[in-house]
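One structure below.
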């Protein structure tokens with residue numbers, strides 16, 4: 001008899017816990033967190049913005065005055081590619097390389 005009461009109490013507790021988790025999950029707005037997490041995991045590239053602006057200057061207004069800055073922006077986008085923001089994948093691979101180098105130094 002006491003075993004049934006314990007099982008019922010545990011089942012009721014699990015039900016309340018599930019309801020509480022559901023209430024929290026529905027009340028939390030994750031839109032801002034998702035956006036910031038995306039920016040950390042895959043940051044935007046400034047060279048991409050420069051390239052888009054250069055193409056827009058060349059295509060949208062096809063006169064010689066705007067074509068020169070457009071070409072300059074496209075060239076600048078290729079020049080700034082080396083200074084793109086670091087991604088989490090890059091950090092993980094670099095960490096693996098450093099750890100592998102440290103392991104190779106052991107005697």
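Quick note: the coordinates plus some simple rules give every number you see, no bench work behind them. All values derive from a computational prediction rather than experimental measurement. Note that we place each Cβ from the backbone using ideal geometry, even for glycine, and neighbour counts take in every protein chain shown.
Side notes on the structure shown:
- Helix content alone sets the calculated 222 nm mean residue ellipticity of the chain: runs of n ≥ 4 DSSP H residues at -39500 (n - 2.57) each, divided across all residues, give -26500 deg cm²/dmol.
- Ordering of 43-53, 77-87 by burial proxy (mean other Cβ atoms within 10 Å per residue, highest first): 43-53, 77-87
- Once the Cα atoms are used to define both axes, helix 46-60 deviates from the longest principal axis of the chain by about 50 degrees.
- The P(r) of the stretch 16-64 has a tail past 16 Å containing 66 percent of all C-alpha pairs.
- Spin-label model, residue 84/residue 7: points 7 Å from Cα along the beta carbon direction are separated by 5.9 nm.
- With contacts taken as Cα pairs under 8 Å and at least 6 residues apart, the chain reaches a relative contact order of 25 percent.
- On Cα atoms only, tilt of 88-104 relative to the major axis of the chain in degrees: 80 degrees
- Against the set [x] 111; [y] 172; [z] 99, the structure's computed volume of the Cα convex hull per residue in Å³ falls on [y].
- The chain: angle of helix 64-79 to the longest principal axis, Cα-based, in degrees nearest 10: 50 degrees
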